[in-house]
1. Collect residues whose amide H, placed 1.01 Å from N in the peptide plane, falls under 5 Å from the amide H of LYS299; neighbours closer than 5 in sequence don't count.
2. Alpha carbon centre of region 269-311 versus region 196-262: separation in Å?
3. Using the structure shown, select from LYS184/LYS292; LYS205/LYS283; LYS191/LYS292; LYS123/LYS262; LYS210/LYS299; LYS123/LYS312 the pairs with a Cα to Cα distance greater than 29 angstrom.
4. Suppose every K and R has +1 on its Cβ and every D and E has -1 on its Cβ; what is the size of the dipole of region 71-317 about the Cα centre, in Debye to the nearest 20?
5. What residues have an amide H closer than 5 Å to that of ASN84, excluding those fewer than 5 places away on the same chain, when H is modeled at 1.01 Å from N in the peptide plane?
6. In µm²/s, what is D for region 71-317 at 10 °C and 1.306 mPa s, where D = kT/(6 pi eta Rh) by Stokes-Einstein and Rh is the Kirkwood radius from Cα pairs?
Amino acid sequence: MRNKNCLEKIVSVTNKGTNKVVSILGYEIKLRNKHKENIRRIDELEQRLHEKEYQINSLRNALGGVTPSAYLQYVEVHLTDHCNLNCKACEHYCPLVDAPTFTDIEEFTADMRELSSKVTVEKIRLMGGEPLLHPDVNSFITITRKYFRHSDIHLVTNGILLQKMSAGFWCTLRENDIFLDISKYPPLKDKYDFYRQLANENQVKLGYSKIADEFWCSLNPNGDSDANESFSNCWIMRNCHNLRHGRVMLCPEACYMDIYNKYFNENIPRDTGIDIYENSGEKIVEYLNTPKETCRYCKPFGRIFEWGISTKDKTEWDANARV
């Protein structure tokens, strides 16, 4: 487990008058109440963070184990592509999966081992689809913790199967210090208190619980978006990287575009990702910080709509559609 007290000494946020002050390794940056000034200050802060990265890595090493210098804030991995909840316009295209699809445990083990040798990952989310549908979910949890000893690891579920999970499942979460993230979809929101009680009774930590009563549609099937503009305005592509079959990809939409293409007989370019076995950690990070052809098919400021059951109609995933 990470020594949070030590890490808290690296970064602190305090209020001084009308300003917020962020202190990183002794450097103080004032965030004034002016938008453009804040952006400039944040850029300056990021630059100083980059300059002092070796000190952060040195501290992590002192806390136990050699930590790769390349850094990713977030990576998510599917344990299954299919789901037991049929959400309209799911950004992982789960309603369009034509048969149960389970991630191979041996491939996953090799990928976790390789990725951990190349990059430090702040947060990993095991998800899907619905991960609790995988009969070997406990092993995936244990393997992830084995190779990412200091990462925040979260298991993301809609909660439907929680009541049926074995004592061994809860023990695996607890012993590996895993956060349980429960999405609050409208059909299940009244059960959330029960799910929370289950977690508390089993001494498992609850992580972020998303209120999932709205979905965001960003797919632009016309492919006429500006790739650079889409990339710079899309927080998902810069923060929701996906690991699949030994490759890290920009975002779930780009990663699982093959599911959409197969179902609708389309040929929208998907992000083929970067091979974690053939590239260094630095190359992986560099790849994920540049726009791809897929970005032309993204409309970051698309449309928001209320949660609903999918009818598998193509317009559900069209940000240009008037529905």
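1. Long-range HN contacts for LYS299: LEU219, ASN220.
2. Answer, in whole Å: 9.
3. Correct reply: LYS184/LYS292; LYS205/LYS283; LYS191/LYS292; LYS123/LYS262; LYS123/LYS312.
4. Computed about the Cα centre, the dipole is about 480 debye.
5. Amide H to amide H, under 5 Å and 5 or more residues apart or across chains, ASN84 pairs with GLU130.
6. For the chosen part, D equals 86 µm²/s.
Read-outs throughout are calculated quantities, based only on the coordinates presented, and are distinct from any laboratory measurement. Being a predicted model, the structure only gives us computed values, none of them experimental. Neighbour counts run over all protein chains shown; Cβ positions are idealised from the backbone, glycine included.
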